[in-house]
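Peer 1: Dropping a structure here in structure tokens format, bear with me for questions.
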Amino acid sequence: MSKTLMKGNEALGAAAIQAGCKYFFGYPITPQNELPEYMARELPMIEGGAFVQAESEVAAINMIYGAAGAGARCMTSSSSPGMALKQEGISYIAGAELPCVIVNISRGGPGLGGIQPSQADYFQSTRGGGNGDYRHLVYAPATIQEAVDLVMEAFDVADYYRNPVIVIGDGMIGQMMEPVEFKELKKRDLPVKDWATTGTNEERKPNIINSLALDPAELEKHNQKLTRKYKEMEEKEVRHEDYQVEDAELIFVAYGTTSRITRNVVDSLREEGIKAGMIRPITLWPFPTAAIQNVPASAKALLAVEMSEGQMIDDVKIAIEGRLPAYHYGRSGGMIPVPEDIIEKAKEILGGVK
Amino acid sequence: MAKGKVYFDDDICKGCELCTTVCPVDIVIMDKERINAKGYHPATVSDMDKCIGCANCATICPDSVITVEREKK
Amino acid sequence: MMQVVYEKTKGLTDKQTHYCPGCTHGVIHKLVGEVLVELGVLGKTVGVAPVGCSVLAYDYFNCDMHEAAHGRAPAVATGIKRVLPDHTVFTYQGDGDLASIGTAEIIHAAHRGEKFTTIFVNNAIYGMTGGQMAPTTLIGQKATTSPYGRDQATTGMPLKVSEMLATIDGAAFVERVSVHDVPNIRKAKKAIKKAFQVQIEGTGFGIVEILSTCPTNWGITPVDSLTWLKENMIPYYPLGNFRTPEEVK
């Protein structure tokens, strides 16, 4: 399989098409524009494919609701403020149990914020910005190859669980160019979409795509069914990578492009004889709680490095349950952490921890 | 004039009386003697012989309570 | 020999509706069901219900249905139609859903010329939530959020949706009808059939605005509501066709 040099946003589109996605509904917002632009070029070339530029992100996510309810593989993408507009729709999609893939190439916030990379949508993505008890898988690729792999898998996972899947990359994932290849995925055995609204042909009872249940007992039963589904996701779909954790005294927790910077920091500290390691969540939800709970006895402290004022640190603290001190270091607004500053913070922590 | 016949699915009627306002021969009335399963006085016909099967009553009924037959020449 | 000339349409399910006695939502449901059957498309129709009194419409139409978020039915319908271009797709929306929170969605569906049909029920009030003022509430009309009568100075003039959408080229068919009496119900059915034909022939977006009653929240009897509609709504919302493709005229 030869590799192609591609810009992240375009690679995400190509991966979706490889995975059989024929419908894309989007709206312009920096820094993800190249993705809808790519889909606008490619999807009309595909038999039955369609690209629609919606009038807003609110409309786009509701077009997804319709397309997914009609049984199609479909995708939308946006960036932070646009993702905020989609939250109601995502809650409806989770409630109605519809499969789809949603890409967030996140930027600095809050509000209009900036257009530089950021990881300040962690809470929005992992807690869900919509109403009600719902969850969705959140994949956080660190490279464009990983982004391609995860997008392709996301369509299968979405169909398997009948749930939305979010792929979140900070602006760098969207804007960088890296060589990628489109590998053959191991096939999941996916359920038939007999629930889709493809027309009764007057041969079956109508299929209804709906999240309304006015009877509270019925709605609770539905919630409990969803919770069982989310439990299954937590058991089967959590993913992370350990880097030199086995004997580490200071363990970083970092994801996405920040984890690539932190990987260099681990190497530098090791060269100075400081035993550092890194746990890299690949799924932000489910969060790799076990990986953090099972850190080796050598561990003295945890340091979450994020492009935010501190969001994932909460999950790190929850996971470690106070057994070890857990610190946060971050830049925000689109500023990117540099190794020297992370190293300084690490030494400060280790200095303080005997 | 053609002969018609109407049937009321009594328990579906909500007693809204719209059908009583459109009958050209004025035979559609509310049956004050009875209460249906929903607790309304259902609509009925006072003199079926006069019915001409125009289906006005059925057309304006919001709940498909009325079925209409007409004599086929 | 007696022949059935009117019976409940196969286009509706057996489920009895929750609508208030005399609410003409029920009449409009029948017309849509009858048209879908008469055009022979019921088995390949997908409808989208709104949020409002007709939120439960997904239980009443005898075809595959989606329940959309408030105001978003035209976007949901866009997604469905793009996936199933040879299916018949419609949205059924009230004035709160379409003329308030969902104005962007309906304008842009028309603007893109999306090939689906919208049934827009205008009863000049929010019914499901208990009688609040809608963008279509008439000047001087009392509602729970215009308790002294709608005041143009603070709430503007009622929105004329059909006239507004008729300025958009993508809207191939725009007609306003009413169901306040039998002749108008029959005319409304014709308009609904034309709107669906415009879709089936692939000409473009079609919308039928249907003036409808709300006895409960208008605070008058179902029978008097028909008169109130005729004497108050029709003068401000004139009936008629605002746009039709030449071939369907």
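The values are calculated or read from the model by the stated rules, or taken from the named source; none is laboratory data. Treat the numbers as computed from the prediction; the structure is a model and nothing was measured. Cβ placement follows ideal geometry from the backbone for every residue including glycine, while neighbour counts extend to all protein chains displayed. Just the protein is used for accessible areas: all its heavy atoms, side chains included, with ligands, DNA and RNA removed. Shrake-Rupley method; radii C 1.70, N 1.55, O 1.52, S 1.80 Å.
Peer 1: Around A:Ile336, what is the net charge, scoring Lys/Arg as +1 and Asp/Glu as -1 over all other residues with Cβ under 12 Å from its Cβ? It would help to have the intermediate numbers written out before the result.
Peer 2: On the way: positive: A:Arg260, A:Arg331; negative: A:Asp170, A:Glu306, A:Asp341.
Neighbourhood net charge equals -1.
Peer 1: Could you sort A:316-323, A:212-219 so that the peptide with the highest average Cβ count within 10 Å comes first and the rest follow in order?
Peer 2: Taking the mean over residues of other Cβ atoms within 10 Å, the ranking is A:316-323, A:212-219.
Peer 1: In Å², rounded to the nearest 100, what is the total accessible surface buried by chains C and B against each other with a 1.4 Å probe?
Peer 2: 2300
Peer 1: What do you get for the angle between helix A:339-352 and the principal long axis of chain A? Use alpha-carbon atoms, 0 to 90 degrees, nearest ten.
Peer 2: Between helix and principal axis, roughly 60 degrees.
Peer 1: Sort A:88-101, A:140-153 by the packing proxy (mean of other Cβ within 10 Å over each peptide's residues), most packed first.
Peer 2: Packing proxy ranking, top to bottom: A:88-101, A:140-153.
Peer 1: Would you grab the residues whose amide H sits under 5 Å from the one on C:Thr118? Only those 5+ places off in sequence or on another chain, please, with H modelled 1.01 Å from N.
Peer 2: Result for C:Thr118 returns C:Thr91, C:Gly206, C:Ile207, C:Val208.
Peer 1: So for the protein assembly as shown, taking the charge dipole from beta-carbon charges (+1 Lys/Arg, -1 Asp/Glu), which of C:Gly204, A:Val165, A:Ile46 sits furthest toward the positive end?
Peer 2: C:Gly204
Peer 1: Still on this model: How many partner chain Cβ atoms sit within 10 Å of a residue's Cβ in peptide A:287-293, on average, as a whole number?
Peer 2: Average per residue, whole number: 0.
Peer 1: Could you tell me whether the protein assembly as shown comes out rounded, prolate or oblate from its Cα gyration tensor? Rule is a ≥ b ≥ c as square roots of the eigenvalues, rounded for a/c under 1.5, then prolate if a/b exceeds b/c, otherwise oblate. Could the numbers behind the result be given before it?
Peer 2: Working: a/c = 2.55, a/b = 2.41, b/c = 1.06.
Taking the square roots of the gyration eigenvalues as a ≥ b ≥ c, the protein assembly as shown is prolate.
Peer 1: OK, next. Can you work out ³J(HN,Hα) from phi for every residue in segment C:159-174, in order, using Karplus 6.51 cos²θ - 1.76 cosθ + 1.60 and θ = phi - 60°, giving whole Hz and x for Gly and Pro?
Peer 2: Values per residue, Gly and Pro as x: 7, 9, 5, 4, 4, 5, 6, 5, 7, 9, 4, x, 7, 6, 9, 9 Hz.
Peer 1: Still on this structure, I have one more. Computed on protein heavy atoms with a 1.4 Å probe, what is the summed buried accessible area for the chain pair A and C, in Å² to the nearest 100?
Peer 2: What A and C bury together is about 2600 Å².
Peer 1: Okay, moving on. Once you charge only the Cβ atoms, +1 for Lys and Arg and -1 for Asp and Glu, what is the size of the charge dipole of segment C:25-248 about its Cα centre, to the nearest 20 debye? Walk me through the intermediate numbers first.
Peer 2: Details: 19 positive and 21 negative charges, 26 e Å.
That gives segment C:25-248 a dipole magnitude of about 120 debye.
Peer 1: So, one more: Compute the helix-to-body angle for A:80-95: its Cα long axis versus the longest principal axis of chain A, expressed 0 to 90° and rounded to tens.
Peer 2: 60
Peer 1: Roughly what would the spin-label model give for A:Glu47 and A:Leu219, points 7 Å off Cα along C-beta, in nm?
Peer 2: So the label points at A:Glu47 and A:Leu219 sit 4.5 nm apart.
Peer 1: Would you give the gap between the C-alpha center of segment A:268-325 and the C-alpha center of segment B:22-73, rounded to a whole Å?
Peer 2: Centre-to-centre (Cα) distance: 75 Å.
Peer 1: Which of the listed residues, C:Thr144, C:Ala191, C:Leu98, is farthest toward the dipole's positive end in segment C:25-248, when Lys, Arg count +1 and Asp, Glu count -1 at the beta-carbon?
Peer 2: C:Ala191
Peer 1: I'd like the distance separating the alpha-carbon centroids of segment C:70-146 and segment A:53-102, in whole Å.
Peer 2: 19
Peer 1: With only Lys, Arg, Asp and Glu charged, each at its Cβ (+1 for the first two, -1 for the last two), find how big the charge dipole of the protein assembly as shown is about the Cα centre; round to the nearest 20 debye.
Peer 2: 1120
Peer 1: Compare the Cα positions of A:Gly310, A:Pro99, A:Val180 along the charge dipole of the protein assembly as shown (+1 at Cβ of Lys, Arg; -1 at Cβ of Asp, Glu; about the Cα centre) and return the one farthest towards the positive end.
Peer 2: The listed residue farthest towards the positive side: A:Pro99.
Peer 1: Rounded to a whole number, what is D in µm²/s for segment A:4-236 from Stokes-Einstein with the Kirkwood radius over alpha-carbon pairs (4 °C, 1.567 mPa s)?
Peer 2: 73
Peer 1: Other chains' Cβ within 10 Å of C:4-12 residues: what's the mean?
Peer 2: Averaged over the peptide's residues, the number is 6.
Peer 1: So what's the back-of-envelope 222 nm ellipticity for chain C, counting only DSSP H runs of four-plus at -39500 (n - 2.57) apiece and dividing by all residues, rounded to 500?
Peer 2: -8500 deg cm²/dmol
Peer 1: Which of rounded, prolate, oblate describes segment C:1-85, given a ≥ b ≥ c as roots of the alpha-carbon gyration tensor eigenvalues and a/c under 1.5 marking rounded, otherwise prolate only if a/b is larger than b/c?
Peer 2: oblate
Peer 1: What does the structure give for C:57-66 when I average, per residue, the other chain Cβ atoms found within 10 Å of the residue Cβ?
Peer 2: 6
Peer 1: Assuming a ≥ b ≥ c are the square roots of the Cα gyration tensor eigenvalues, decide whether segment A:241-353 counts as rounded (a/c under 1.5), prolate (otherwise, with a/b larger than b/c) or oblate.
Peer 2: It comes out rounded by the Cα gyration axes.
Peer 1: Can you compute the radius of gyration and Dmax for segment A:185-254, using only the Cα atoms, both in Å?
Peer 2: For segment A:185-254, the Cα radius of gyration and maximum Cα-Cα distance read 20.9, 67 Å.
Peer 1: Which order do peptides C:118-127, C:37-46 fall in by mean Cβ count within 10 Å, highest first? Before the final figure, lay out each step's value.
Peer 2: On the way: C:118-127: 27.2, C:37-46: 19.7.
The packing order, highest mean first, is C:118-127, C:37-46.
Peer 1: Over the Cα atoms of chain C, what is the Rg over Rh ratio if Rh follows Kirkwood?
Peer 2: Reported Rg/Rh (Cα atoms, Kirkwood Rh): 0.95.
Peer 1: Same structure, new question: Would you mind getting me the FRET efficiency between A:Glu232 and C:Lys15? Use the beta-carbon distance for r and R0 = 35 Å, nearest 0.05.
Peer 2: 0.55
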